[in-house]
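Some notes on the structure that comes next.
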Amino acid sequence: MSITIFILAAVIKIVLIVFIMLTAVAYTTWLERKVVARIQNRWGPTRVGPFGLLQPLADGIKFILKEDLVPSGVHKGLYIMAPMLALAMALISFAVIPFGDAVSIRGYQIPLQITGVTMGADGGRSDINIGLLIILGATSIGVYGIALAGWSSNSKYSLLGSLRASAQMISYELALGLSLVGILLLSGSLSLREIVNQQSNTWVIGGFNTHLPHWYIFPQFIAFFIYLMAAYAETNRIPFDLPEAETELVAGYHTEYSSMKFAMFFMAEYLNMFTVGCLATILFFGGWHGPALPFLPPLLQAILPLLYFAAKVLFFIFLYIWIRGTLPRFRYDQLMAFGWKFLLPLAIANIIVTGLIVALGA
Amino acid sequence: MVHQILFIIFALMCVAGAVNLLRQTHPINSALSLVVVMASLALIYLLLGAEFVAAIQVIVYAGAIMVLFVFVIMLLNAGAEERSSGSRIALIIGVPGALVLGVLVGWIMIGQNKQLGSVAISATDFGETHFIARLLFRDFLLPFEVTSVLILIAIMGAVVLGRKES
């Protein structure tokens, strides 16, 4: 593949994915308001468009038209940089996520992943071998967005919110990272595409075909629950939303932000929810693999893997909203004790057991 | 060619970050300059083909250690430092000393170029996670474990220092 075609394909993929993800974020806010409303026996948005479907558009226009205030006494450079950093780091994660296998356009095999490259004449698809680490790195840099937002705002609520956020994200990053090591031990690869491809068959135990899909959720269900809980804390969502606890801190680290700067924090938070959903789908639920449905028309057959991927991610988004509508918020000491005294030892124990099984099996 | 241009860009970014780190009076600006230095170092590692080290550099240094630095600066609410006039001894001895040291190191490096040898980074698995793991856990197992014990001792020291007298 020549460099021109590669750059052209990459630019098209970047534009498409950014457009799709930002639209998905807008409609997740609609979904969240609808589902939480149903849980609380209300209607949710109904006025703008059928079923309130144009509500995200109205919200977007409102965000753009609001006055962009910069309060006095803020550290101006960092105050403006913080939301940009948060949004940029949230978007960077999507560079390594494989959404599907590959499409063939005019003889060129194009992987459905921004950093995916087609190598050689045989069309063998390659992927960077540190995909997972790039996502973890982008998440850990994203902490700066929140930390600096609170500090530069020159407001006590913002500062308290961002202190809570930094402490919480540093604490839960450990459990999050360690929970994924079990998967890496089983798969022996850091490439997300490779991990997905290993989950395409069914589990065969001692010659007996169990007809269960070869998803890593089955041997690693403890790791999955650690990952899910740590990821909820990383994305500052209920029941771990202490950095923006509105009953204590007004709005936490983004109290002083208005207009599109506030919207950027909002988008970053929802994009991080999507990253968590995509990663859970890729690592534990077999990515774009699913049962083949031969009775469907050819066009649907072609996009079936993408539909499987989207459905699995949507399930995790729904889970986020469901939990938001169900659970109350943790107290701060409970949050720290849960992370350090329960999740972290459990994650280490999971690594030891998985490591022993892999070593004895090999 | 592209590699050389990228290397120069990231190296300049790295040096500029380091100079800015010393120039700034506010601790948080200095800490953020250090983040820029770490990130550009990671990019230089990536150019060398050491992708795993680059990712770990970002996650551990830029993402964990520097976040703790920033966290502590925020927690103590440290304000801008005053710029002192600087000591005269540092100016008289330090600047020529640094110059002499720099020239000396450069002269030795250029003069002894032949003896220093080189590292082949053309091997296909150089910088891959498997390759580094094999080095760490097979060839250099003892130094690796001793280092981890060293870190453990440091943590225990911090716990002892941080404990309240009862």
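The H on the amide N of residue A:102, modeled in the peptide plane, is under 5 Å from the matching H of A:112, each at least 5 residues off or on a different chain. Our compactness index for the stretch A:248-362, the C-alpha radius of gyration over the empirical 2.2 N^0.38 Å, is 1.51. Interface between chains B and A: roughly 2000 Å² of accessible area buried, both sides summed (probe 1.4 Å, protein heavy atoms only).
Computed from backbone phi with θ = phi - 60° and the Karplus coefficients 6.51, -1.76 and 1.60, the 3J(HN,Hα) list for the stretch A:207-220 is x, 9, 7, 7, 6, 7, x, 6, 8, 7, 5, 5, x, 10 Hz; x is used for glycine and proline. Residue A:203 contributes about 50 Å² of solvent-accessible surface, heavy atoms of the protein only, 1.4 Å probe. Burial of accessible area (probe 1.4 Å, heavy atoms of protein chains only) in the stretch A:154-195, relative to its chain alone, reaches at least 10 Å² for A:159, A:163, A:166, A:167, A:170, A:173, A:188, A:190. For residue A:203, nonlocal amide neighbours, meaning residues 5 or more places apart or on other chains whose placed amide H falls under 5 Å from its own, are A:210, A:211, A:212, A:214.
For the stretch A:116-273, the square roots of the Cα gyration tensor eigenvalues, ordered a ≥ b ≥ c, give a/c of at least 1.5 with a/b greater than b/c, which places it in the prolate category.
Shape analysis of the stretch B:1-88 yields a ratio of the Cα radius of gyration to the Kirkwood radius, Rg/Rh, of 1.07. For chain B, the square roots a ≥ b ≥ c of the C-alpha gyration tensor eigenvalues yield an a/c of 1.5 or more together with a/b not exceeding b/c, which makes the shape oblate. A simple rule links phi to the HN-Hα coupling: the Karplus curve 6.51 cos²θ - 1.76 cosθ + 1.60 with θ = phi - 60°, which for the stretch A:49-62 gives x, x, 6, x, 5, 8, 4, x, 5, 4, 4, x, 4, 4 Hz, with x for Gly and Pro. Against the empirical 2.2 N^0.38 Å (N residues), the protein assembly as shown has a Cα radius of gyration ratio of 1.07. The overall shape of the stretch A:1-88, judged from the alpha-carbon gyration tensor, is oblate: a/c is not under 1.5, and a/b is no greater than b/c. Which one of A:250, A:271, A:238 has its Cα pushed farthest toward the positive end of the charge dipole of the stretch A:174-282, where Lys and Arg give +1 and Asp and Glu give -1 at the Cβ? The residue sitting most towards the positive pole is A:271.
A simple rule links phi to the HN-Hα coupling: the Karplus curve 6.51 cos²θ - 1.76 cosθ + 1.60 with θ = phi - 60°, which for the stretch B:138-145 gives 10, 6, 10, 5, 5, x, 4, 5 Hz, with x for Gly and Pro.
How much of the accessible area of the protein assembly as shown, probe 1.4 Å, is carbon plus sulfur, in whole percent? On the protein assembly as shown, the fraction of accessible area on carbon and sulfur atoms equals 72 percent.
The values are calculated or read from the model by the stated rules, or taken from the named source; none is laboratory data. All of these numbers come straight from a predicted model, not from anything done at the bench. Cβ coordinates were reconstructed from backbone atoms using ideal geometry, including for glycine residues, and neighbour counts include every protein chain displayed. Each accessible area value is taken on the protein alone, full model and side chains, heavy atoms only, with ligands, DNA and RNA left out. Shrake-Rupley method; radii C 1.70, N 1.55, O 1.52, S 1.80 Å.
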